[in-house]
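Okay, structure first, notes after.
Every read-out reported here was derived from the displayed coordinates using simple, explicitly stated rules and does not represent laboratory data. Source: prediction; values computed, not measured. Here the Cβ positions follow ideal geometry from the backbone for every residue, glycine too, while neighbour counts run over all protein chains shown.
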Amino acid sequence: MYAVIATGGKQYRVEKDTQLKVEKLDAAPGTTVEFDQVLLVADGANIRIGSPLVAGSKVSATVESHGQGEKKVIVKFRRRKHYKRGGNHRQLYTLVKITGIA
């Protein structure tokens with residue numbers, strides 16, 4: 001059984017007992033969160049597709065930890081103009097473990 005959920009402006013295919021990095025959520029580690037924006041639920045040959053959401057479906061997960069992703073280097077450069085700017089970015093994420101699909 002798997003589901004497709006939408007959170008943080010992205011879509012994820014999730015299964016039970018898998019870990020997933022999503023955009024940072026305002027939840028403490030150890031708490032339970034529910035994703036109610038379920039786009040698709042599949043159980044073998046039985047597939048329910050929402051338009052846009054599947055009514056009455058929820059995916060529950062437990063927050064494992066919070067963290068920062070890999071460093072991304074940002075460079076702005078214009079040739080022959082003596083213009084060069086640099087920076088970096090580390091995206092915040094929340095590691096969740098999927099506990100149930102209903």
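Descriptive notes on the structure:
- The set of residues from the range 7-27 being under 14 Å from Leu92 (Cα atoms), touching a residue at least 24 places away in the same chain (Cβ under 8 Å) and over 10 Å from the mean Cα position of the chain (by Cα) comprises just one member, Ala27.
- Qualifying residue in the range 71-85 (condition: touching a residue at least 24 places away in the same chain (Cβ under 8 Å) and surrounded by fewer than 14 Cβ atoms within 10 Å (Cβ to Cβ)): no
- Of everything listed in (1) closer than 25 Å to Ala3 by Cα; (2) more than 20 Å from the chain's Cα centre (by Cα), the single unmet condition for Ile74 is (1).
- Candidates Val4, Val33, Val14, Val63 - the one that is in contact with a Ser or Thr (Cβ under 9 Å, 6 or more places away or on another chain), part of a strand (DSSP E or B) and under 14 Å from Ile101 (Cα atoms): Val33
Listed here are the residues, each with its yes/no results for (1) farther than 17 Å from Met1 by Cβ; (2) surrounded by 14 or more Cβ atoms within 10 Å (Cβ to Cβ).
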| residue | (1), (2) |
| --- | --- |
| Arg13 | no, no |
| Thr18 | no, no |
| Val22 | yes, yes |
| Ala28 | yes, no |
| Pro52 | yes, no |
| His66 | yes, yes |
| Gly69 | yes, no |
